[in-house]
Amino acid sequence: DGGITQSPKYLFRKEGQNVTLSCEQNLNHDAMYWYRQDPGQGLRLIYYSQIVNDFQKGDIAEGYSVSREKKESFPLTVTSAQKNPTAFYLCASGDRASYGYTFGSGTRLTVV
Amino acid sequence: AQSVTQLDSHVSVSEGTPVLLRCNYSSSYSPSLFWYVQHPNKGLQLLLKYTSAATLVKGINGFEAEFKKSETSFHLTKPSAHMSDAAEYFCVVSDGTGTYKYIFGTGTRLKVLA
């Protein structure tokens with residue numbers, strides 16, 4: 001079945017560490033997105049990519065980095081520069097034909 | 001600029017009674033509009049979408065929404081709530097830049113009482 005896989009489901013980070021969240025899709029979608037979700041704030045866009053080897057900052061990109069070396073993969077690195085990384089992270093993909101996104105099941109990141 | 005406002009952060013209904021989740025949007029062009037549902041610690045699932053075809057849109061699990069341009073609204077309804085409908089619901093509008101980017105409302109948490 002086609003879909004988006006995010007891993008791991010739960011992730012713990014120590015202060016000063018970089019961590020990478022995985023997102024893989026087999027829907028053949030051109031565009032992929034990373035959102036951060038905090039209670040009561042809805043979803044905020046971190047980065048998005050419309051094509052391989054290209055990506056753009058979203059509304060809250062500071063402290064995060066991404067790469068898009070393959071169409072299927074869009075990993076997100078949470079760097080030590082992100083001061084408040086504890087949140088639920090959602091990856092999504094989409095294209096013009098499908099309208100709307102398909103979401104992964106999310107990764108909950110906690111700083112310990 | 002496009003925006004979306006969900007008018008209620010929390011809604012409580014009794015099982016078997018109607019559900020109404022309200023959403024207003026602002027857009028300078030004819031938008032695409034969506035409703036998504038999120039159960040705890042899960043990703044978002046698409047309930048339904050409006051993309052300039054029929055103004056009354058039917059979705060999964062008995063939900064439907066009506067696009068009303070004159071009221072700039074896209075309210076989500078269901079005739080009879082079920083316990084499994086308890087979740088958070090997001091109203092979403094396309095941002096109009098052709099980049100497939102979407103703008104999310106802050107969510108409405110639906111509670112269903114037995």
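The values are calculated or read from the model by the stated rules, or taken from the named source; none is laboratory data. Bear in mind the structure is a predicted one, so any value in this text is a computation, not a measurement. Here Cβ is always computed from backbone atoms with ideal geometry, including for glycine, and neighbour counts include all displayed protein chains. Ligands, DNA and RNA are excluded from the accessible area calculation, which covers all protein heavy atoms including side chains. Shrake-Rupley method; radii C 1.70, N 1.55, O 1.52, S 1.80 Å.
Applying the selection to segment A:25-35, what residues are more than 8 Å from chain B (Cβ to nearest Cβ), touching a Gly at 6+ places or on another chain (Cβ under 6 Å) and either open to solvent by less than 70 Å² (accessible area, probe 1.4 Å) or of a type in the set (A, V, I, L, M) (or both)?
A:L27, A:H29
Tell me which residues, restricted to segment A:36-69, are open to solvent by 20 Å² or more (accessible area, probe 1.4 Å) and either in contact with an Asp or Glu (Cβ under 9 Å, 6 or more places away or on another chain) or without any contact (Cβ under 8 Å) to a residue 12 or more places away in the chain (or both).
Once the filter is applied, which keeps residues that are open to solvent by 20 Å² or more (accessible area, probe 1.4 Å) and either in contact with an Asp or Glu (Cβ under 9 Å, 6 or more places away or on another chain) or without any contact (Cβ under 8 Å) to a residue 12 or more places away in the chain (or both), segment A:36-69 yields A:P39, A:G40, A:Q41, A:R44, A:Q50, A:I51, A:V52, A:N53, A:Q56, A:K57.
Is there a residue in segment B:16-29 that is within 14 Å of the chain's Cα centre (by Cα), among the charged types (D, E, K, R) and outside any strand (DSSP E or B)? Spell out the reasoning first.
Initially, segment B:16-29 is screened for residues within 14 Å of the chain's Cα centre (by Cα), giving B:19-25.
This time we only want the ones that are among the charged types (D, E, K, R), so: B:22.
Retained after the next criterion (residues that are outside any strand (DSSP E or B)): B:22.
So far as segment B:16-29 goes, yes, one or more of its residues are within 14 Å of the chain's Cα centre (by Cα), among the charged types (D, E, K, R) and outside any strand (DSSP E or B).
Select, from B:F74, B:F90, the only residue that is within 11 Å of chain A (Cβ to nearest Cβ) and surrounded by 19 or more Cβ atoms within 10 Å (Cβ to Cβ). Don't jump to the end; show me each part of the working.
Details: B:F74 fails: within 11 Å of chain A (Cβ to nearest Cβ).
Within the list B:F74, B:F90, the selection yields B:F90.
Filter segment B:77-87 down to residues that are over 17 Å from B:V57 (Cβ atoms) and in contact with a Leu (Cβ under 7 Å, 6 or more places away or on another chain) and give me whichever is most open to solvent (accessible area, probe 1.4 Å).
So the first thing to find is which residues in segment B:77-87 are over 17 Å from B:V57 (Cβ atoms), and the list is B:80-87.
With in contact with a Leu (Cβ under 7 Å, 6 or more places away or on another chain) added as a condition, the list becomes B:85-87.
Details: B:D85: 8, B:A86: 41, B:A87: 5 Å².
In this case the residue turns out to be B:A86.
Checking A:Y99 against (1) open to solvent by less than 50 Å² (accessible area, probe 1.4 Å); (2) facing another protein chain (nearest Cβ under 10 Å), which single condition isn't satisfied?
Only one criterion is unmet by A:Y99, namely (1).
If B:P40 meets every condition in (1) modelled with pLDDT of 90 or more; (2) within 14 Å of chain A (Cβ to nearest Cβ) apart from one, which number is that one?
Single failed check for B:P40: (1).
Hey, does segment B:41-60 have a residue that's out of contact with any strand residue (DSSP E or B) (no Cβ under 9 Å at 6 or more places or on another chain) and open to solvent by 70 Å² or more (accessible area, probe 1.4 Å)?
The first filter runs over segment B:41-60 and keeps only residues out of contact with any strand residue (DSSP E or B) (no Cβ under 9 Å at 6 or more places or on another chain), leaving B:53.
Checking the rest, the ones that are also open to solvent by 70 Å² or more (accessible area, probe 1.4 Å) come to B:53.
Yes, segment B:41-60 contains at least one residue that is out of contact with any strand residue (DSSP E or B) (no Cβ under 9 Å at 6 or more places or on another chain) and open to solvent by 70 Å² or more (accessible area, probe 1.4 Å).
So the check is Cβ under 9 Å with 6+ separation or different chains; which pairs have a first residue in segment A:82-94 that's away from chain B (no Cβ under 11 Å) and a second one that's of a type in the set (F, W, Y) and open to solvent by 10 Å² or more (accessible area, probe 1.4 Å)?
Sorted first by the residue in segment A:82-94, then by its partner, the pairs are A:Q82/A:Y64; A:P85/A:Y64.
Look at B:F34 and say whether it is within 14 Å of chain A (Cβ to nearest Cβ), open to solvent by less than 50 Å² (accessible area, probe 1.4 Å) and either touching a residue at least 12 places away in the same chain (Cβ under 8 Å) or within 30 Å of A:Q56 (Cα to Cα) (or both). Even if it seems obvious, please write down each step before you answer.
Working: within 14 Å of chain A (Cβ to nearest Cβ): yes; open to solvent by less than 50 Å² (accessible area, probe 1.4 Å): yes; either touching a residue at least 12 places away in the same chain (Cβ under 8 Å) or within 30 Å of A:Q56 (Cα to Cα) (or both): yes.
It is true that B:F34 is within 14 Å of chain A (Cβ to nearest Cβ), open to solvent by less than 50 Å² (accessible area, probe 1.4 Å) and either touching a residue at least 12 places away in the same chain (Cβ under 8 Å) or within 30 Å of A:Q56 (Cα to Cα) (or both).
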